[in-house]
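Report on the following structure.
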Ligand code: SAH
């Protein structure tokens, strides 16, 4: 498990990441230099259960474990750009999954607290983050729809599972100014929403259409 690179050289992995960023991310309009640098740096193949250095960098979501997925590289990058992360910010992530998106946000310089409902996935995410040499990510097990009040408020909140609506805890646990990025819609299709709070006022914007696995919990779907 977690074989490093299936015989691929370090150089070819760097080249694979470069192609991923150029063709799958920059070509679709992501511009934030900090996001692009982080996507080049984080070793995505270390976050997949059967490390396959070819498919790891493909322009697609990949299955991880327990029916869950690691998001498509573009989606991870676009969400990071929408969040507008600056070094030193605190981020609450709901849905650690493989740990990859948390690793990307931490590489930009955020301090990331990521909640995962499956203990098995949380363990794997922690191991992958460590293996990738990422600091600044803490993974905890729980129902992320309740947030994590003990460490609130957060500068940014990101939900990486499909929500029926914005959980109330997200609003309560966000700092002012702050921002939430969350896919909202049905179980089958969602639109990425950006909620920005400044001086006590909320603004909402919609971005791209997407398809995430369901957010399961008290303020999510029942199963
Ligand atoms: N960010 C991940 C992708 C996550 S897939 C990555 O980069 O790999 C969505 C994850 O959300 C799944 O692992 C799922 O188990 C988790 N999840 C779903 N509902 C949740 C909840 N209420 N609290 C915490 N995690 C949840």
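Values in this text are rule-based calculations from the coordinates and carry no lab data. From a predicted model like this one, the values you see are computed outputs, not experimental measurements. Every residue, glycine among them, receives a Cβ derived from its backbone with ideal geometry; neighbour counts consider all protein chains shown.
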(message) I'd like to verify a number: residues in the stretch 97-139 that are within 11 Å of the ligand (Cβ to nearest atom), over 14 Å from the mean Cα position of the chain (by Cα) and without any contact (Cβ under 8 Å) to a residue 40 or more places away in the chain, how many?
(response) 1
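Name the residue that is farthest from the ligand (Cβ to nearest atom), counting only residues in the stretch 79-94 that are closer than 12 Å to residue 158 by Cα and outside any strand (DSSP E or B). If you could, list the steps in order and put the result at the bottom.
Step one: list which residues in the stretch 79-94 are closer than 12 Å to residue 158 by Cα, which gives 79-85, 90-94.
Next, only the ones that are outside any strand (DSSP E or B) stay: 79-85.
Values: 79: 9, 80: 11, 81: 15, 82: 14, 83: 13, 84: 18, 85: 15 Å.
Checking each candidate, the answer is 84.
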(message) For the stretch 60-78: of the residues being near the ligand (Cβ under 10 Å from one of its atoms) and in a strand (DSSP E or B), which is farthest from residue 98 (Cα to Cα)?
(response) 62
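Of the residues 204, 218, only one is closer than 26 Å to residue 29 by Cβ and either more than 19 Å from the chain's Cα centre (by Cα) or surrounded by fewer than 22 Cβ atoms within 10 Å (Cβ to Cβ) (or both); which? Explain how you work it out, then say what you get.
Details: 218 fails: closer than 26 Å to residue 29 by Cβ.
Answer to the check: 204.
Scan the stretch 178-187 and give yes if some residue there is more than 16 Å from the ligand (Cβ to nearest atom), surrounded by fewer than 17 Cβ atoms within 10 Å (Cβ to Cβ) and closer than 19 Å to residue 110 by Cα, otherwise no. First the steps, then the outcome.
So in the stretch 178-187, the residues more than 16 Å from the ligand (Cβ to nearest atom) come out as 178-179.
Keeping just the survivors that are surrounded by fewer than 17 Cβ atoms within 10 Å (Cβ to Cβ) gives none.
Scanning the stretch 178-187, I find no residue that is more than 16 Å from the ligand (Cβ to nearest atom), surrounded by fewer than 17 Cβ atoms within 10 Å (Cβ to Cβ) and closer than 19 Å to residue 110 by Cα, so the answer is no.
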(request) Looking at (1) buried (at least 18 other Cβ atoms within 10 Å of the Cβ); (2) in a helix (DSSP H, G or I); (3) over 14 Å from the mean Cα position of the chain (by Cα), find the lone condition where residue 37 falls short. (result) (1)
(request) Kindly establish whether residue 67 is surrounded by fewer than 24 Cβ atoms within 10 Å (Cβ to Cβ), in contact (Cβ under 8 Å) with a residue 24 or more places away in the chain and closer than 20 Å to residue 21 by Cβ. (result) no
